[in-house]
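Accompanying notes for the structure given below.
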Amino acid sequence: SKLAALFEHPLYNIPIPEVTEKDKLFVVNPMERFSLRSSGSDEWVSSSKAETLLPTGKTAYDTYPPWLKFHVGINRYELYPRRDPLMPILLRDLATQRIVSSVQKSGGTQLKLIMTFPNYGQALFKPMKQTRDQETPIDFFYFSDFERHNAEIAAFHLDRILDFRRIPPVSGRLVNITKEIRDITTDKKLTKTFFISPAGNVCFYGECSYYCSTEHALCGKPDRLEGSMAALLPDKTLAKRRSWRSPWRRSYHKSKKAEWELNPNYCAQVRETPPYDSGRRLLDLIDMTVLDFLMGNMDRHHYETFEKFGNDTFLLHLDNGRGFGTHSRDEPSILAPLQQCCSIKKSTYLRLQLLATQPYRLSDLLREALATDPLAPVLAEPHLQAVDRRLGKVLAVVGRCLAR
């Protein structure tokens, strides 16, 4: 296994700073045990009453379902640890747990569902819109591109291989539209959008601002539909997140350009603007830029952080569905922050160099990681080759910066 060898490499064993209580997203009472409420409410309750004493040798943490252990493990420095024994269990849960509720997620340009499991875990379901080998048409603007379920799955694994670990766990899943969506939804607006297509397939389109109409309906075969299941982050009422507009956000206009596209010295003014004027924020944003370039994702207008940790924490790399749309061409403008600032973390640069060597070739690692997904093959082979080509281009940009 090349992946196992990669995670043994010294560059993947650089220790994170010591995690103190104030560095944890949640400080858990070690006496609180997890118990399922039987009233049918969709939330977990903790109880530390005397009659719920645990069997000898077990801790309260042992009673937590995997999704809650994932939430409790989040800290200032990482979303989950490198060698996380929980990860395969959590991914398996996302792929196999019985779905007890499916409702449409509000907002956004495309249809997404929130699915709930019997252990009160929840996942964001993005349905399949395109086949693996369909490329985004060359005349499409980035903002009218489809979101791809397989891009969400591949992004999670790529983010982990780069050792960022800033994307919540994502697994592919084959869903039965009839039994796991239509028959169990309490969402009346969603229910009204189901129909049987002329080919006899079960279809639905939901309600949203862009791609929710019979022409853009999602249809099963006859009622089986692929999609990505992403573990949800803790509810914002429990762990507030702050949304930041990216300084290199695109104009989202057919003819207007953003300031960074017109001003080659744009980075100088970013460096003087909080929070980019101190700490790790600019370097973290450049990490995200590298991830986006490797995926071909032009749709990074905002990013989020956990409010509790202030400015000294990692960025969440959420919403990656517009990655992996094209393999035959690269988008150099995604690398603008790296090109204009000529800055990158030393650890990121060394890992990128490692991933360009034969024993740790990035495409081989990504192919191996994605082979374990229920929907494998997740990416068409040309996309994996494109990742190696783009990695070469990132290293060339850093090389030019070093020469300068």
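The values are calculated or read from the model by the stated rules, or taken from the named source; none is laboratory data. What you are looking at is a predicted structure, and each value in this text was computed from that prediction instead of being measured. A quick note on method: Cβ atoms are made from the backbone with ideal geometry, for glycine too, and the neighbour counts reach across all protein chains shown. Quick note on the areas: whole protein, heavy atoms, side chains included, nothing else; ligands and nucleic acids left out. Shrake-Rupley method; radii C 1.70, N 1.55, O 1.52, S 1.80 Å.
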Notebook entry, point to check: When only C-alpha pairs under 8 Å and at least 6 residues apart count, what is the relative contact order of the chain, in percent?
Noted result: 17 percent
Notebook entry, point to check: Around Asp84, with a cut-off of 15 angstrom between Cβ atoms, what is the net charge of the other residues, counting Lys and Arg +1 and Asp and Glu -1?
Noted result: +3
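Rounded, prolate or oblate: which one fits region 141-181, using the alpha carbon gyration tensor with axes a ≥ b ≥ c (rounded when a/c is under 1.5, else prolate when a/b beats b/c, else oblate)?
Values: a/c = 3.42, a/b = 1.34, b/c = 2.56.
Because a/c hits 1.5 or more and a/b fails to exceed b/c, region 141-181 counts as oblate.
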Note to self: Out of the GluC sites (Glu not before Pro) in region 242-332, which ones are loop residues according to DSSP with at most 10 other C-beta atoms within 10 Å?
What the structure shows: Glu272
Note to self: Using a probe radius of 1.4 Å on heavy atoms only, what accessible surface per residue do you get for the chain? Whole Å² is fine.
What the structure shows: 47 Å²
Check: Ignoring the sites themselves, what is the longest stretch of the chain with no chymotrypsin sites (Phe, Trp or Tyr not before Pro) in a DSSP loop and at most 13 other beta-carbon atoms within 10 Å?
Finding: 253-404
Item checked: Solvent-accessible ranking of Thr191, Thr289, largest area first, probe 1.4 Å -> Thr191, Thr289
Margin query: Run lengths n ≥ 4 of DSSP H only: what is the helix-derived mean residue ellipticity at 222 nm for the chain, with -39500 (n - 2.57) per run over all residues, to the nearest 500?
Written below: -8000 deg cm²/dmol
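Relative contact order of region 140-248, please, whole-number percent, based on alpha carbon pairs below 8 angstrom and at least 6 residues apart.
Details: 117 pairs, mean separation 30.7, N = 109.
Contact order relative to length: 28 percent.
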Item checked: Partners for Lys393 among lysines (Cα-Cα distance below 20 Å; same-chain residues under 8 apart left out) -> Lys345, Lys346
Item checked: [x] 36, 23, 19; [y] 33, 29, 21; [z] 67, 18, 17, with the label sought being that of the calculated semi-axes √(5λ) of the Cα gyration tensor in Å -> [y]
Next item on the list: Determine which lysines satisfy two conditions relative to Lys192: a Cα distance under 26 Å, and not lying fewer than 8 residues away in the same chain.
Entry: Lys105, Lys112, Lys126, Lys129, Lys179, Lys221
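Once whole DSSP H runs in the chain are found, which of them have Cα atoms spread over 20 Å or more along the helix axis and a mean Kyte-Doolittle score of at least -1.0? Intermediate results must be reported in sequence, preceding the final value.
On the way: long enough: 281-295 (21 Å, 1.24); 381-403 (34 Å, 0.28).
Helices meeting the criterion: 281-295, 381-403.
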Check: Which of rounded, prolate, oblate describes region 58-231, given a ≥ b ≥ c as roots of the alpha-carbon gyration tensor eigenvalues and a/c under 1.5 marking rounded, otherwise prolate only if a/b is larger than b/c?
Finding: oblate
